[in-house]
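Structure first, then comments.
The values are calculated or read from the model by the stated rules, or taken from the named source; none is laboratory data. Predicted model, so just to flag it, every value in this text is computed and none were measured. Glycine gets a Cβ as well: all are built from the backbone with ideal geometry, and neighbour counts include every protein chain shown. Note: accessible area is taken over every heavy atom of the protein model, side chains too, but ligands, DNA and RNA are not part of it. Shrake-Rupley method; radii C 1.70, N 1.55, O 1.52, S 1.80 Å.
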Amino acid sequence: MVRVAERVRAHGIADRLVVATDSPEIEAVVRDAGFEAILTSHHHSSGTDRVYEAASRAEFTGFDEVLNVQGDSPFLPLTALAGALRQLRMGHDIGTAAAPLELSAVDDPSQVKVVIDPAGRALAFSRSAVPGVANWHHLGVYAYARPALERLAGAAPTPGELVHGLEQLRAMALRLSIGVAPVDEPGGPAVDTEADLRRAEVHWNHVHEVIR
């Protein structure tokens, strides 16, 4: 989580950077690293619901746009974050980003796929490749217009969302417009398992060695 916060801070795109978590241990680690953290309910069924709880606090109600960077995505490029926000200014309810899907990820259910129409709007999200169309690798970032976030959090999880573990399906069921920014840079390894963590540590050290 600290690595994700460091990455977002380095991009300089957020007016205020806050980590929302239901773990007191994570909250303490994040605060010790010098970041603002909020302890939220542990009853949320999705990250969107957690973000809404944080965004609803009095000190954040003046923000019209909310950017949610998922805690398992420490390598998202600036183009993904800026692209997601740009979708809101293009009139979409929600903005996100996607990169070209690598061949090795086609059959990997942990790599979420998105199908995009010619206007840049999401048509489908799936853990399996959708046959007959171009599939993109969905990256772990969402930008919400506040009314869309409120509507999304106020709706019950859909059966598809619960079965597949894809909160995007709730937005699709509500017919919220999701604009997808295509980016050339991959999102880097996500961290969902211990093996992912080992790969991410190697990648992080390599990236920062190159920067130095």
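Which order do the peptides 36-46, 87-97 come out in when sorted by mean C-beta neighbours inside 10 angstrom, highest first?
87-97, 36-46
At a Förster radius of 25 Å, what calculated FRET efficiency corresponds to the Cβ-Cβ distance of Arg86 and Asp15, to the nearest 0.05?
Plugging the Cβ-Cβ distance into 1/(1 + (r/R0)^6) gives 0.95.
Which order do the peptides 27-35, 170-178 come out in when sorted by mean C-beta neighbours inside 10 angstrom, highest first?
170-178, 27-35
Return one whole number: the accessible area per residue of the range 85-136 in Å², for a 1.4 Å probe.
54
Which percent of the accessible heavy-atom area of the range 33-176 goes to carbon and sulfur, probe 1.4 angstrom?
56
Would the chain count as rounded, prolate or oblate if I go by the C-alpha gyration tensor, calling it rounded below 1.5 in a/c and otherwise prolate when a/b exceeds b/c, oblate otherwise?
rounded
Hey, what did the chain get for relative contact order, percent, Cα under 8 Å, at least 6 apart?
Computed value for the chain: 22 percent relative contact order.
Expected output is a single nm value to one decimal: the length gained when fully extending between Val133 and Ala119, i.e. 0.36 nm times separation in residues minus the C-alpha distance. What is it?
3.5 nm
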